[in-house]
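Working notes for the structure below.
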């Protein structure tokens, strides 16, 4: 373990992160919203804190190894969550405790979108902008951006990229150089954000709302500048734009890269994961719309409109809302929460276990059924006509087991704090899948939960964002052995 190099990286990244406080400062100056001092103090704390971490080891150089990459990734998300909470804690509006400020910060950075805030419409503009910016920075992963500049700092970034990038196969690079890969991802990410903001603005949002919501839409973060979320606008065009960009951001960003590089969209239709993802969305939308129409919850046109938006929002783990899906009839609230376990595709900004893993688990299950009939047959698991290595299949099952185990443990611990079963079940699902809204007490926000429950859910959000193993590996003795 190269602890001095790790400390240098963390210090540098915290100082880089402090730059993200400049846009909210500008917004505070424009709107004169009374929160300027909080952001100025936060900027100073971030800069000084990062500098104090960096200065003792600033001469250290070296390539990050596998274990170093995991430790930096976990430390960065936890340290960044801590430093990101400073403006929330210092600002007089909203008046938050340290626990609530940390919860809001980690929720934003992990793109969970779970909030403890109420009266969001009345919050200062700079606080609203900062919340959305945290979503945007966490969406593609600040670390992916960091590896683009690490070669200039004398630090290699491949192990960091592997630890951060979601999905079962982490060695696929879009370009020969890892820094170029990170830059390519961020060019695509930035372009989608700009186009989304323009779409919102043209459809009727104010420029401020358009920019803010484009941040959380492309990041699949779910934060909004209004308590009613996207439903505040009651605008079908805005909902269509939001739906399109939620789906787009939930696709593997490698597909967007190839579309840009080869000026073609046909690979979207040929990609097995993308096809299965659209199949899940189609089935969920159809079933939801049918139930809403049969039960006369809405008129048929409204039922289809709400079914499309809420199904896409929950399935992609965005968490935006146009209707209170928790009050929908029969099994619909449960169904929508369950779809969030699949989440988005690998290498997307979506949460959940990732669609490719669900597809592999289903194919592996079907293979075991075939083996009952032909015990001696060699039947490979194939995706898109290509056989998947048994090590990958085994890793997916290991991930699935660890995911469900942590889910059960966290749910039991949450219930031990006095939370009812429905709230505990949905709160852990919503945070572990980086979804945001849940059922029961957490359908609207998480403010009613006790502090111990909020700390557990912060851990759950980090588990989901870091895909479980990246965080859990630090708790194994083998990781710390020389």
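The values are calculated or read from the model by the stated rules, or taken from the named source; none is laboratory data. Nothing here was measured: the structure is a model prediction, and the numbers come from that model. Because the Cβ atoms are built from the backbone with ideal geometry, glycine has one as well, and the counts that use them run over all protein chains shown.
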Report, ordered by the first and then the second residue, all pairs with beta carbons closer than 7 Å, sequence separation of six or more or different chains, a first member in region 29-42 that is at positive phi, and a second member that is part of a loop (DSSP other than H, G, I, E, B). 34/124
Output for region 371-393, where each listed residue is part of a helix (DSSP H, G or I), free of Cβ contacts under 8 Å to residues at least 40 places away in the same chain and within 20 Å of residue 357 (Cα to Cα): 390, 391, 393
Out of (1) modelled with pLDDT under 90; (2) more than 24 Å from residue 316 (Cβ to Cβ), the one residue 347 does not meet is (2)
Anything in region 51-81 that is in a loop (DSSP other than H, G, I, E, B) and either touching a strand residue (DSSP E or B) at 6+ places or on another chain (Cβ under 8 Å) or surrounded by fewer than 19 Cβ atoms within 10 Å (Cβ to Cβ) (or both)? List them, or say none. 58, 59, 60, 61, 62, 63, 65
Options 406, 411: the member that is surrounded by 11 or more Cβ atoms within 10 Å (Cβ to Cβ) and free of Cβ contacts under 8 Å to residues at least 24 places away in the same chain: 411
Might you check whether a residue that is more than 22 Å from the chain's Cα centre (by Cα) and surrounded by fewer than 20 Cβ atoms within 10 Å (Cβ to Cβ) occurs anywhere in region 270-281? yes
Could you list, ordered by first residue, the pairs with Cβ atoms under 6 Å in which the first is in region 342-366 and at positive phi and in a helix (DSSP H, G or I) and the second is crowded, with 20+ Cβ neighbours inside 10 Å and modelled with pLDDT under 90, at least 6 apart or interchain? none
Considering only residues that are buried (at least 24 other Cβ atoms within 10 Å of the Cβ) and closer than 12 Å to residue 420 by Cβ, which ones fall in region 432-448? 438, 442
